[in-house]
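Chemist: Take this structure, written in structure tokens, and hold onto it; I'll ask about it next.
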Amino acid sequence: MWSALSADARLYSSLRWPRQKGTLNNALIWVRSRGLLVLAFQRVHHCYLGYRLKEGWTARTIGLRLLLAFGRWPVVMFSKCDVAASTEIGDGVYLSDRGQLILGPQRIGSGTIIHDRVTIGIRANEIDPPVIGRNVWIGPDCVIYGNITIGDGATVLPGTVVSMNVRPGAVVGGNPPTVLYAKFDNARLRRTLANAIDRRSLEWV
């Protein structure tokens, strides 16, 4: 968990202050980022579930349970986000500081960027929620649901509703979604917090 949190802090710091690097910025980001707070709380909750399964009720699991019980609603209210504890999240993931995220996928791969006002995998009677691959870029106002996989390096443009598999490296947009590009390198997108992206602007990325 600690290595994942360290990778998260480095990513948030590089996105917030791209021209400034160092330990101080990595420390300051913890008091400047709501998204990082949500991510940290989710990682603690996810670890608790693992400990509880292996150990049962111990001093550690009871202490974590109390911490989570008292901390959940303040974190949700402050950040305006809710991320399922069962979700497996890779190292170095960005969740928007602007909030309004409701996330419940099976997995979010490392290097993934998720902007504000996004809902993933929260639907009544949804047994198998989506899987989000590595290095995925998801713009604002997106909805992703169903037993689907968003492949590694995929790009989901703002306002897209996705209920189908997206191949690795593909760009999708619209409702219903359309594959705009079969192969696209979103590395430059993932190095910035810019999110007003459409098909035309991708031509310059």
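Chemist: So which of GLY56, GLY99 ends up being under 22 Å from THR160 (Cβ atoms) and small (Gly, Ala, Ser)? So that I can check it myself, show each step before the final result.
Modeler: Working: GLY56 fails: under 22 Å from THR160 (Cβ atoms).
Of the residues listed, the single one that is under 22 Å from THR160 (Cβ atoms) and small (Gly, Ala, Ser) is GLY99.
Chemist: Tell me which residues, restricted to region 88-105, are within 10 Å of the chain's Cα centre (by Cα) and under 17 Å from ALA4 (Cβ atoms).
Modeler: Across region 88-105, the qualifying residues are ILE89, GLY90, GLY92, VAL93, TYR94, LEU95, LEU103, PRO105.
Chemist: Could you list, in sequence order, the residues of region 48-60 that are touching a residue at least 12 places away in the same chain (Cβ under 8 Å) and over 19 Å from GLU88 (Cα atoms)?
Modeler: Within region 48-60, no residue meets the criteria.
Chemist: So which helices (runs of 4 or more DSSP H) are wholly in region 10-122 and hold at least 2 residues that are charged (D, E, K, R) and out of contact with any Pro (no Cβ under 8 Å at 6 or more places or on another chain)?
Modeler: Details: elements: 23-28, 34-55, 59-79.
Here the list reads 34-55, 59-79.
Chemist: When region 36-50 is examined, which residues are found to be crowded, with 21+ Cβ neighbours inside 10 Å and either of a type in the set (S, T, N, Q) or within 14 Å of ARG10 (Cβ to Cβ) (or both)?
Modeler: Matches in region 36-50: LEU36, LEU39, GLN42.
Chemist: I would also like to ask the following. Considering only residues that are surrounded by fewer than 11 Cβ atoms within 10 Å (Cβ to Cβ) and under 21 Å from ALA84 (Cα atoms), which ones fall in region 51-72? Give the derivation first.
Modeler: If we filter region 51-72 for residues that are surrounded by fewer than 11 Cβ atoms within 10 Å (Cβ to Cβ), which is where we start, we get 53-54, 56-57, 59, 66, 69-70.
Hits for region 51-72 are LEU53, LYS54, GLY56, LEU66, ALA69, PHE70.
Chemist: Please state which one of GLY133, GLY159 is under 20 Å from VAL93 (Cβ atoms) and not aromatic (Phe, Trp, Tyr).
Modeler: Testing whether each residue is under 20 Å from VAL93 (Cβ atoms) and not aromatic (Phe, Trp, Tyr) leaves just GLY133.
Chemist: If you check ARG32, ARG19, which single one turns out to be touching an Asp or Glu at 6+ places or on another chain (Cβ under 9 Å) and at pLDDT below 85? Even if it seems obvious, please write down each step before you answer.
Modeler: Details: ARG19 fails: touching an Asp or Glu at 6+ places or on another chain (Cβ under 9 Å).
The unique qualifying residue is ARG32.
Chemist: Right, something else. Pull out all pairs, ordered by first then second residue, where Cβ-Cβ is under 8 Å, the residues are six or more apart or on different chains, the first lies in region 134-146 and is among the hydroxyl-bearing types (Ser, Thr, Tyr), and the second is modelled with pLDDT under 95 and buried (at least 23 other Cβ atoms within 10 Å of the Cβ).
Modeler: Hits for this filter: TYR145/GLY121; TYR145/PRO129.
Chemist: Look at ALA196 and say whether it is surrounded by fewer than 16 Cβ atoms within 10 Å (Cβ to Cβ), among the aliphatic types (A, V, I, L, M), out of contact with any Pro (no Cβ under 8 Å at 6 or more places or on another chain) and free of Cβ contacts under 8 Å to residues at least 40 places away in the same chain. Lay out the reasoning, then the answer.
Modeler: Working: surrounded by fewer than 16 Cβ atoms within 10 Å (Cβ to Cβ): yes; among the aliphatic types (A, V, I, L, M): yes; out of contact with any Pro (no Cβ under 8 Å at 6 or more places or on another chain): no; free of Cβ contacts under 8 Å to residues at least 40 places away in the same chain: yes.
No; evaluated as a whole, the condition is false for this residue.
Chemist: Return the residues of region 50-108 that are among the small types (Gly, Ala, Ser) and under 29 Å from ASP152 (Cβ atoms); say none if nothing qualifies. Let's see the steps before the verdict.
Modeler: Start the filter on region 50-108 by keeping residues that are among the small types (Gly, Ala, Ser), which leaves 50, 56, 59, 63, 69, 71, 79, 84-86, 90, 92, 96, 99, 104.
Across region 50-108, the qualifying residues are GLY50, SER79, ALA84, ALA85, SER86, GLY90, GLY92, SER96, GLY99, GLY104.
Chemist: Out of region 11-35, which residues are under 23 Å from ASP82 (Cα atoms), aromatic (Phe, Trp, Tyr) and either out of contact with any strand residue (DSSP E or B) (no Cβ under 7 Å at 6 or more places or on another chain) or loosely packed, with under 11 Cβ neighbours inside 10 Å (or both)?
Modeler: Once the filter is applied, which keeps residues that are under 23 Å from ASP82 (Cα atoms), aromatic (Phe, Trp, Tyr) and either out of contact with any strand residue (DSSP E or B) (no Cβ under 7 Å at 6 or more places or on another chain) or loosely packed, with under 11 Cβ neighbours inside 10 Å (or both), region 11-35 yields only TRP30.
Chemist: A further question follows. How many residues are over 12 Å from THR112 (Cα atoms) and among the polar types (S, T, N, Q) if we restrict to region 176-191?
Modeler: Filtering region 176-191 for residues over 12 Å from THR112 (Cα atoms) gives 176-185, 188.
Retained after the next criterion (residues that are among the polar types (S, T, N, Q)): 178.
Final tally of qualifying residues: 1.
Chemist: Look through GLY104, GLY109 and report the one residue that is crowded, with 17+ Cβ neighbours inside 10 Å and in contact (Cβ under 8 Å) with a residue 40 or more places away in the chain. Give the steps one after another, and end with the answer.
Modeler: Details: GLY104 fails: in contact (Cβ under 8 Å) with a residue 40 or more places away in the chain.
Selected residue: GLY109, the only one of GLY104, GLY109 that is crowded, with 17+ Cβ neighbours inside 10 Å and in contact (Cβ under 8 Å) with a residue 40 or more places away in the chain.
The values are calculated or read from the model by the stated rules, or taken from the named source; none is laboratory data. Remember, predicted model here, so these are calculated numbers, not experimental data. Quick reminder, even Gly has a Cβ in these numbers, built from the backbone with ideal geometry, and neighbours come from all protein chains shown.
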